[in-house]
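Engineer: Please see the structure below; I have some questions.
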DNA sequence: AGTATGGTTCTTGAAATTAGGAACCAAAAG
DNA sequence: CTTTTGGTTCCTAATTTCAAGAACCATACT
């Protein structure tokens, strides 16, 4: 597949972004490619060839991205190839899924405070504040999503 | 410094958490230690010794954490040591700081759509939705912080 | 059955990250 | 001005991550 310079640049930028979010480089670029590509559904081989990466790297990254719920593939009868595409329409789920992990840290913080000496009142207070705000976030972010849906209309 | 098993476990958990957020292991553990330690202000050497790490690792991690605005140190006249502590009281700034980076990706997404073919209407629409929600988040999250401050009283 | 296609798995090498040790430096203490 | 203390920097070793290549496997096609 042919890409313009601008497209390639965008792919790299998105790739770096995804790397910072914890993905491996190849996985990030695949995301980028799927964002940018005029065809939003690409085969294994189109991806491999366009990004100039090996089959193994392609296979591993695609599987990872599927596990992370970012990607899926569809098939067409009479065609053995898989057509990979972003799960863009389900981005709301991803958001909500991300929100869940906030609670974990909040709970750890509460454990920390439970374990701490009572001597450091202000410090403990600060910790509880952070924990409480995280809980608040966890509770309010889904609402924000609904509100956004509303005001969009 | 002596730590209980529970404290050590919490430090490791916090450490892993911070690693996932992009810090190096030693830096993550230092954060953990400062969360957990009964003394919230620790010297270079207390940190080094408690975590059993080298001076260089300690020095580098502490400097990194200061750059990232998570840590500061204070001094006491007549005492050459630096006392490192979390910038816990300024966690609101960190939150707001994090919110800023959301916009970047939103803008990249808009660039992507600008570059895309007009053929894939629904796909482009989805991309714009994500971009728009991110902008909404960027705008609403600071408000959420203020709201939380309010309802706390 | 035999072959081609689409994709996976295993092994390995290269590159990047992480952290240790030793030498070093600046300020304070003696 | 010498020594000690607190911390930094440089160099290197070890570990981890990343991705390539080749062998492999399953399904579809002939």
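Listed here are the residues, each with its yes/no results for (1) away from DNA strand C (no atom under 14 Å from the Cβ); (2) over 14 Å from the mean Cα position of the chain (by Cα).
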site	(1), (2)
B:15	no, no
B:44	no, yes
B:58	no, yes
B:69	yes, no
B:77	no, yes
B:84	yes, yes
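Engineer: Determine the pairs where a residue that is over 14 Å from residue B:39 (Cβ atoms), located within segment B:72-94, has a partner that is at pLDDT below 95 and surrounded by 15 or more Cβ atoms within 10 Å (Cβ to Cβ) with Cβ atoms under 8 Å apart, the partner being 6 or more residues away or on another chain.
Structural biologist: B:87/B:94
Engineer: Then there's this: Looking at segment A:116-132 only, could you name the residues that are facing chain B (nearest Cβ under 9 Å) and touching a helix residue (DSSP H, G or I) at 6+ places or on another chain (Cβ under 6 Å)?
Structural biologist: Filtering segment A:116-132 for residues facing chain B (nearest Cβ under 9 Å) gives A:116-117, A:119-120, A:122-123, A:126-127, A:129-130, A:132.
Across segment A:116-132, the qualifying residues are A:116, A:126, A:127, A:130.
Engineer: If you don't mind, there's one more thing I want to ask. For residue A:90, are the conditions met, namely being under 24 Å from residue A:7 (Cβ atoms) and surrounded by 14 or more Cβ atoms within 10 Å (Cβ to Cβ)? Step through it out loud before you land on a result.
Structural biologist: Details: under 24 Å from residue A:7 (Cβ atoms): no; surrounded by 14 or more Cβ atoms within 10 Å (Cβ to Cβ): yes.
In short, no.
Engineer: Suppose we keep only residues that are assigned to a helix (DSSP H, G or I) and over 15 Å from residue B:130 (Cβ atoms) within segment A:65-99. Which one would you say is modelled with the lowest pLDDT? Spell out how you get there, then give the answer.
Structural biologist: Taking segment A:65-99 and keeping what is assigned to a helix (DSSP H, G or I), we get A:65-67, A:88-99.
Then keep just the ones that are over 15 Å from residue B:130 (Cβ atoms); that gives A:65-67, A:99.
Details: A:65: 98, A:66: 97, A:67: 96, A:99: 93.
Looking at the filtered set, the residue picked out is A:99.
Engineer: What's the number of the condition residue B:38 fails, among (1) outside any helix (DSSP H, G or I); (2) away from chain A (no Cβ under 14 Å)?
Structural biologist: If we test residue B:38 against (1) outside any helix (DSSP H, G or I); (2) away from chain A (no Cβ under 14 Å), just (2) comes out false.
Engineer: Same structure again: Does segment B:62-69 contain at least one residue that is touching a strand residue (DSSP E or B) at 6+ places or on another chain (Cβ under 7 Å), near DNA strand D (Cβ under 7 Å from one of its atoms) and under 27 Å from residue B:5 (Cα atoms)?
Structural biologist: Yes; the residues of segment B:62-69 include at least one that is touching a strand residue (DSSP E or B) at 6+ places or on another chain (Cβ under 7 Å), near DNA strand D (Cβ under 7 Å from one of its atoms) and under 27 Å from residue B:5 (Cα atoms).
Engineer: Moving on. Confirm whether residue A:117 is under 30 Å from residue B:41 (Cβ atoms) and surrounded by 15 or more Cβ atoms within 10 Å (Cβ to Cβ).
Structural biologist: Values: under 30 Å from residue B:41 (Cβ atoms): yes; surrounded by 15 or more Cβ atoms within 10 Å (Cβ to Cβ): no.
Spelling it out, it is not the case that residue A:117 is under 30 Å from residue B:41 (Cβ atoms) and surrounded by 15 or more Cβ atoms within 10 Å (Cβ to Cβ).
Engineer: Please state which one of B:23, B:33 is surrounded by 22 or more Cβ atoms within 10 Å (Cβ to Cβ) and within 14 Å of another protein chain (Cβ to nearest Cβ).
Structural biologist: Numbers: B:23 fails: surrounded by 22 or more Cβ atoms within 10 Å (Cβ to Cβ).
It is B:33.
The values are calculated or read from the model by the stated rules, or taken from the named source; none is laboratory data. Nothing here was measured: the structure is a model prediction, and the numbers come from that model. As a convention, Cβ positions derive from the backbone with ideal geometry for all residues, glycine included, and neighbour counts pool all protein chains shown.
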